[in-house]
1. I'd like the full set of residues that are within 13 Å of the chain's Cα centre (by Cα) and part of a loop (DSSP other than H, G, I, E, B), limited to the stretch 22-35.
2. Among the residues in the stretch 50-58, are any in a helix (DSSP H, G or I), modelled with pLDDT of 90 or more, among the charged types (D, E, K, R) and surrounded by 12 or more Cβ atoms within 10 Å (Cβ to Cβ)?
3. I'd like to know if the stretch 65-84 contains one or more residues that are surrounded by 11 or more Cβ atoms within 10 Å (Cβ to Cβ), at pLDDT 85 or above and among the acidic types (Asp, Glu).
4. Taking interchain pairs and intrachain pairs at least six residues apart, which have beta carbon atoms under 7 angstrom, with the first residue in the stretch 8-35 and surrounded by 14 or more Cβ atoms within 10 Å (Cβ to Cβ) and the second polar (S, T, N, Q) and at pLDDT 90 or above?
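The values are calculated or read from the model by the stated rules, or taken from the named source; none is laboratory data. The model shown is predicted, which means the values in this text are computed figures rather than measured ones. Because the Cβ atoms are built from the backbone with ideal geometry, glycine has one as well, and the counts that use them run over all protein chains shown.
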Amino acid sequence: MFPSSVVQDAWSRQRGKCAKCGKQLVPANRDRGSIGAWHAHHRKPTKDGGTDTLRNCVILCINPPDCHFNVGHGGISWDYYAPLSDWELPYLS
């Protein structure tokens, strides 16, 4: 589980937007809600050696188009989608 400071830094880095689709998210709707809901996701799972650091944290929306499920746990391999680099995520620039 990420420390709150890491989540806050990831939120700031992404300017409150989903890293995959760019949707504007709602700060209070972490892991809940229907509008702007989001999840702090591990780029590399902790079970595979990932850490709870900013480098391994990305904010993804959890409502349609549900980037958290589709990228984080579903069809698209995160390794294929985005390297472990803050500067190479689509909506961070």
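1. Across the stretch 22-35, the qualifying residues are Gly22, Lys23, Leu25, Asp31.
2. Taking every residue of the stretch 50-58 in turn, none turns out to be in a helix (DSSP H, G or I), modelled with pLDDT of 90 or more, among the charged types (D, E, K, R) and surrounded by 12 or more Cβ atoms within 10 Å (Cβ to Cβ).
3. So far as the stretch 65-84 goes, no, none of its residues is surrounded by 11 or more Cβ atoms within 10 Å (Cβ to Cβ), at pLDDT 85 or above and among the acidic types (Asp, Glu).
4. Gly16/Gln24; Lys17/Gln24
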